[in-house]
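Data first, discussion second: the structure below is written as structure tokens.
The values are calculated or read from the model by the stated rules, or taken from the named source; none is laboratory data. Bear in mind that the values here come from a model prediction, so they are computed numbers and not experimental data. Here the Cβ positions follow ideal geometry from the backbone for every residue, glycine too, while neighbour counts run over all protein chains shown.
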Amino acid sequence: MSLLKVRFNRWSHLFLPLSVLVILLLINLIKGVDYFKITMVNGVFYGNIPNILFGAAELVILSIGMTLVTAAACGQDISIGESGAISSAIFVQYVLNAGEVTIWTILAGFLLSCVAGMLIGAFNGTLVSYFNVQPMVATLILFLGGRSIAFIIDGKVSPILANPISNQIGTFIPGVPIQTPIILTVVFIVLVAVVLKTTNLRLYVEAVGVNPSAARLNGINPKKIIFLTFLIMGVCSAVAGFLAVNKAGRHDSVNLLKFIMMDAILAVALGGNSLAGGKFSITGSIIGAYTIEVLNRTLLRLEVNPEAIKAFKAVFIIILMVIASPVVRAFARKLLDKAKTIVTGDSVRQTGALDEAVVSMTDSSGKEE
Amino acid sequence: MRSEIILRMEGISKSFPGVRALHNVDFVLRRGEIHALMGENGAGKSTLIKILNGVYEKDAGRIILEGRPVHFKSPQDAQNMGIGTVFQEIALCPNLTVADNMFIGRSRDAVVRWKQMNEKTAEMLNSLGIPASPTQELASCSLAVQQMIAIARAVDMDCKILILDEPTSSLDEDETKKLFALMRELKSRGVGIIFITHFIDEVYEISDTITVLRNGELIGEYETAALSQIELISKMMGKALSDVAAIKKHELSQSDASVPVFAAKDLSSTAGVRPFDFTIHEGEVNGFAGLLGSGRSESVRAFFAADKVTSGEVKIKGKRAKIRTPLDAMKQGIGYLPEDRKAEGIIGELSVRDNIILALQVMKGFFKPLSRKQAEEFANQYIQLLGIKTPSIDTPIKSLSGGNQQKVILARWLLTHPMYLILDEPTRGIDVGTKVEIQKLILKLAEDGMSLTFISSEIDEMLRVCSRLIVMKDREIVGELRGANLTEQNVMHMIAQGG
Amino acid sequence: MKRLTRVGLLLLGVVFVLSTVCGMVAAEELIRVGIVNLPPEESGYRQANVEDMSRVFSRENGYDAKQTNTADVNEQMAAAMGYIRDGVDYLLISAAHASGWDDALLAAKRAGVRVILFDRAIDTDPSNYEAALLSDMHYEGQLATDWVLNNVPEPINLILIRGQLGSAAEIGRSAPVLNAAQEGKLNLVWDGTGGDTWSLEEARKVVEAAIAAGKDFNVIYAQNDGMAQGAVQALEAAGISHGKNGKVKIIGFDFNRFALRNVQAGYWDADVQCNPRQAAQIDQWIKSGNIPAGIVYQEEIILDTDTIIDEHIENYGINPDPGKGVITR
């Protein structure tokens, strides 16, 4: 019982992002009961769910980096799409100039693009951490200029990446029943989980985001940590760019990952993270990213008129954000408690810890006695 | 003497799920009375106040205001009925003018009448003797004046009852005097004032009546003049008188000839302290005395490289050490509990567990995280050791009371097993019981061989704990006291004569 | 140090004198042209357009041409005014926004500068410029729609994937399809958009949604090549055949070389030209002194698997050529 309680407390912050996702899935299910149906096409799983996982790959990866940047720097990186466009342009140039394309060329090109992503991250990170520029302002520079840089790297055209390995990365590897971008997303998430498990990244980032002065007096260098999150963001951008360009089969510096930072920021917010930094939940952001993908597809599934699709999306997002807001969250908890007290008399005891957290959340001025 | 009752709270009870905050508490306030509400952390003072000003709804009981039962649904309700509250943190806008702050959110007209507003403000400030001009920017006023303006604002909203929640905690002595003058003025106008503070001297200086709460229950209402300080403390703590006075400091036997644990020479930092020397030996507890702004905090911050060190050299156990960052200092076995708990101590949103293990974790390094189990063990161990009151180790530290937050920070440093621990105002803003506990803890640690520097604005506290006091004035050390010379008189003298 | 500065100054002086002399000599024989265009990084189309302008309006070809490429319409107008002050003979404009150009055009008129619009129209009285050489988006749409009506077996069930809603290209390329649907010549089974960025990913999602909804369709009419590519990716993943011998016919726009190669390989079915190369025509007008009045539409073509040849791809295509037989999936 008590173990269960601990588990529940630890994951309770995911309750709302998940409920939002479930609501959307239910809408889809009502529209057609075959929503979750999965078939095999050419030896690969096919259906709405694989499509969602495939389509959201880049957004999921970017929202992980955005979560970290948001948590530590208490602001957002708006140049992630441009950063992805630049690093993937370098990847494409490397592959096109390598002559014969083998898995090693692709890998080397990918690593090179990661380095490029990190350099971009270092540039943004230096501005934010060492020159104290607001993250949005610092990253505005590349947001505005990044695509021109990618365009020049591309040699002022849209180079074609028509080789079989790229195609397999963008679609599927024969004999593997899951599309490659989905596998790579999972691999990336696992890597991030390992990093979080084997380092103090979470503790440091949260400490810096909540209270940089206190973090500094405990031996953490807030500048380094903020810088580090931008480096990680750079890698995320490079990976997302890599996936996007292999999916597309050509490098379109103008449109590749365009405006994706909007969705990435939204994913972070939907995941229950504060955009003002501090404690973060990467799991929440990942759920948020998939939620956005599901939302986009839900609008299509409901056959919303193309002219109205933006308005519908806005309305949906407002509703989702309200559902995920702390106010509604606290209210939901209260209702839940009341329901419990009605069902069992002494349940107050069991949920004590949770409720106190709610009390302190609903009334933060109550902390000082 | 006793005048007409304006407020009567009867049988007030309030529970939060799992916690009984108030149980059957009565409280009475009279016209023109300054009524101190006393109690340790968790006694229920804040809950009672928040029920009175409409933040919380009571579970049971009655509130009778000027003979009529009332029921507040919101803070706005309470305000409209004439109950004004001024909190510890000033809730005004520093970048607006004084007059703006007096009237913000109150004007019902879309158009603001600047001239009228300024005139009215000037009149108000004048009548209350507040030294500020209506057109001055609020941030340019001292904290005390800002506090007074917050009070004036509350009073101006036709208030009959004024609640002051720790209004003096960030004021110095002079400023406190000014605030008290204002309180007396309001008292003479018939305003009933409820006053919450941790400074017992203040209670005796200003209040007429004291109500003591403990663990959510009413202990009693007393006339201030009839209750001795030591009685008050024992009522708040629920302990016998002998316990409170029982702190005995252990006198240092070592001579200065032994190698000091920490020695600094010609140390100075960007915080602007003149280069100074300092040593501390094993098992020694010393302190820096001086008025606010004398440089006592800035000095100890330099030991920890909390500010950028600009000159000087440091020796740890006789060996030269380079301390450029707090991490360097931590690795040399130095711990530092900062003066400003909220701004520099706690990581508010993080759990009690994370706050406890933070310093140890950082010393271990980025790539060596403690396992969850280890972290929980450490946290639980220190929660028990220091008697930290928290619903769970996962509770965010910001929802603990001030005293418990401070204990968490102490736990954080104790967990690193420092050789030398610097405690800057560890007892500020926390209740008497915890203060005594912390003092005892300091002496216990010293007995076990730890060296400590202890700073407090309450001199008697330092006299009780420290075997040596370094006296500062105007960012310079003006002298040192030890042994029999260690008296309040001597400290005052030294400050008065020095410099 | 001092000496270095002096040498530098001297060199600078020499360069300056030489360049003015050259300029004076050149000015006597060359036709002076000011070109106001959009930046090449806007799109592959624009890159081809800017490149074409630079190639044709060169010194070798008898022109003294200056180019300003910016997406900011105010900068464009400022550049136009600058060229008028410089006393150019011709002003060639591709406007970032269609409105607000009257002042600049009148100034040109007063100064005797002849204005030719290319690629993008301006909302103004036709007397304010000499000629405008444009792509007729409606005509392009008509070419594609006619191809569908003639080549797709009945019943025609079409998925329309629009570009940025409200853009001239989207309106022009949508109208003939919508008309045909209204007249009952074809069924519009799905109406979607790739959004403001004419996005490949969005187009893919549109087709995936249509498949998931169980729609039966045999044509995808995507208003640019990138969106056609996304649509085909969705078909591939779902195992639906397409192209020359397949079930679903694919039409794209813009003549990207990769798209033309896909058509040539029978992976797609047809592509409609949107010609970015107006320079040669304008050059011919200027040299002949015979400039038509008002709007002139370029002749544009549609190519399908039967009509396409390598020369088309080489001469009319934009962006890099992946090579013969290479399919860009």
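Quick notes on this one:
- Candidates are the residues of the stretch C:237-270 that are among the basic types (Lys, Arg) and over 20 Å from the mean Cα position of the chain (by Cα); the one that is nearest to the other protein chains (Cβ to nearest Cβ) is C:LYS247.
- Residue check, A:PHE123 surrounded by fewer than 19 Cβ atoms within 10 Å (Cβ to Cβ), within 23 Å of the chain's Cα centre (by Cα) and not in a loop (DSSP other than H, G, I, E, B): yes
- Given (1) under 19 Å from the mean Cα position of the chain (by Cα); (2) among the aliphatic types (A, V, I, L, M); (3) over 24 Å from B:GLU349 (Cβ atoms), number of the condition B:LEU452 does not satisfy: (1)
- Lone qualifier among A:LYS258, A:LYS279 - being within 28 Å of B:ASP354 (Cα to Cα) and not aromatic (Phe, Trp, Tyr): A:LYS279
Yes/no per residue for (1) under 24 Å from A:ALA248 (Cα atoms); (2) of a type in the set (Lys, Arg); (3) in contact with a strand residue (DSSP E or B) (Cβ under 8 Å, 6 or more places away or on another chain); (4) outside any helix (DSSP H, G or I):
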position: C:LEU260; (1), (2), (3), (4): yes, no, yes, no
position: C:ARG277; (1), (2), (3), (4): no, yes, no, yes
position: C:GLU299; (1), (2), (3), (4): no, no, no, yes
position: C:ASN315; (1), (2), (3), (4): no, no, no, no
position: C:GLY325; (1), (2), (3), (4): yes, no, no, yes
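- Between A:ILE286, A:ILE319, A:ILE309, A:ILE292, the distinction of being away from chain C (no Cβ under 14 Å) and either surrounded by 22 or more Cβ atoms within 10 Å (Cβ to Cβ) or in contact with a helix residue (DSSP H, G or I) (Cβ under 6 Å, 6 or more places away or on another chain) (or both) belongs to A:ILE286 only.
- Inspection of the stretch C:238-255 finds a residue satisfying the criterion of being in a helix (DSSP H, G or I), on the phi < 0 side of the Ramachandran plot and surrounded by fewer than 24 Cβ atoms within 10 Å (Cβ to Cβ).
- Residues in the stretch A:153-165 that are β-branched (Val, Ile, Thr) and within 8 Å of chain C (Cβ to nearest Cβ) were compared, and the one that is surrounded by the most Cβ atoms within 10 Å (Cβ to Cβ) is A:ILE160.
- Consider the stretch B:428-447 and keep the residues that are more than 20 Å from B:LYS235 (Cβ to Cβ) and without any contact (Cβ under 8 Å) to a residue 60 or more places away in the chain. The one that is surrounded by the fewest Cβ atoms within 10 Å (Cβ to Cβ) is B:LYS444.
- Looking only at the stretch B:16-74, residues that are in a strand (DSSP E or B), among the β-branched types (Val, Ile, Thr) and either at pLDDT 85 or above or crowded, with 21+ Cβ neighbours inside 10 Å (or both) come to 6 in all.
- Filter result for C:TYR221 (assigned to a loop (DSSP other than H, G, I, E, B), surrounded by 19 or more Cβ atoms within 10 Å (Cβ to Cβ) and either at pLDDT 95 or above or among the polar types (S, T, N, Q) (or both)): no
- Residue within the stretch A:233-256 that is in the same structural domain as A:PHE151 (by TED's automatic domain parsing), surrounded by 24 or more Cβ atoms within 10 Å (Cβ to Cβ) and hydroxyl-bearing (Ser, Thr, Tyr) present: yes
- Qualifying residue in the stretch C:175-187 (condition: β-branched (Val, Ile, Thr) and either in a helix (DSSP H, G or I) or more than 13 Å from every other protein chain (Cβ to nearest Cβ) (or both)): yes
- Total residues in the stretch C:193-218, condition in contact (Cβ under 8 Å) with a residue 24 or more places away in the chain, in a helix (DSSP H, G or I) and small (Gly, Ala, Ser): 2
- The stretch C:37-50: number of residues that are over 19 Å from C:ALA79 (Cα atoms) and modelled with pLDDT of 85 or more: 3
- So B:ILE346, is it within 9 Å of chain A (Cβ to nearest Cβ), crowded, with 16+ Cβ neighbours inside 10 Å and aliphatic (A, V, I, L, M): yes
- Looking across C:GLN229, C:GLN223, C:GLN182, C:GLN164, one residue alone is closer than 22 Å to A:ASN51 by Cβ and of a type outside the set (D, E, K, R). It is C:GLN229.
- Just one of the numbered conditions (1) within 12 Å of chain C (Cβ to nearest Cβ); (2) without any contact (Cβ under 8 Å) to a residue 40 or more places away in the chain; (3) assigned to a helix (DSSP H, G or I); (4) among the β-branched types (Val, Ile, Thr) is not true of A:VAL137: (1).
- Residue match in the stretch A:199-211 (condition: surrounded by fewer than 24 Cβ atoms within 10 Å (Cβ to Cβ), at negative phi and more than 10 Å from chain B (Cβ to nearest Cβ)): no
- Tally, over the stretch B:363-392, of residues that are at the interface with chain A (Cβ under 10 Å from one of its Cβ atoms) and either surrounded by 22 or more Cβ atoms within 10 Å (Cβ to Cβ) or of a type in the set (Val, Ile, Thr) (or both): 1
- Residue tally, condition at pLDDT 75 or above, in a loop (DSSP other than H, G, I, E, B) and within 21 Å of B:PRO75 (Cα to Cα), over the stretch B:128-172: 4
- Checking C:ILE161, C:ILE116 one by one, the residue that is under 23 Å from the mean Cα position of the chain (by Cα) and either among the charged types (D, E, K, R) or over 21 Å from C:ALA293 (Cα atoms) (or both) is C:ILE161 and no other.
- Of the residues screened, B:LYS407 is one that is among the charged types (D, E, K, R), under 20 Å from B:ASN215 (Cα atoms) and either within 9 Å of chain A (Cβ to nearest Cβ) or out of contact with any strand residue (DSSP E or B) (no Cβ under 7 Å at 6 or more places or on another chain) (or both).
- Any hit, the stretch C:204-221, residues being within 26 Å of the chain's Cα centre (by Cα), small (Gly, Ala, Ser), in the same structural domain as C:ILE309 (by TED's automatic domain parsing) and within 23 Å of C:PRO155 (Cβ to Cβ): no
- Residue match in the stretch C:280-290 (condition: charged (D, E, K, R) and in contact with a Pro (Cβ under 7 Å, 6 or more places away or on another chain)): no
- No other residue among B:GLY312, B:GLY318 is among the small types (Gly, Ala, Ser), touching an Asp or Glu at 6+ places or on another chain (Cβ under 9 Å) and more than 14 Å from chain A (Cβ to nearest Cβ) apart from B:GLY312.
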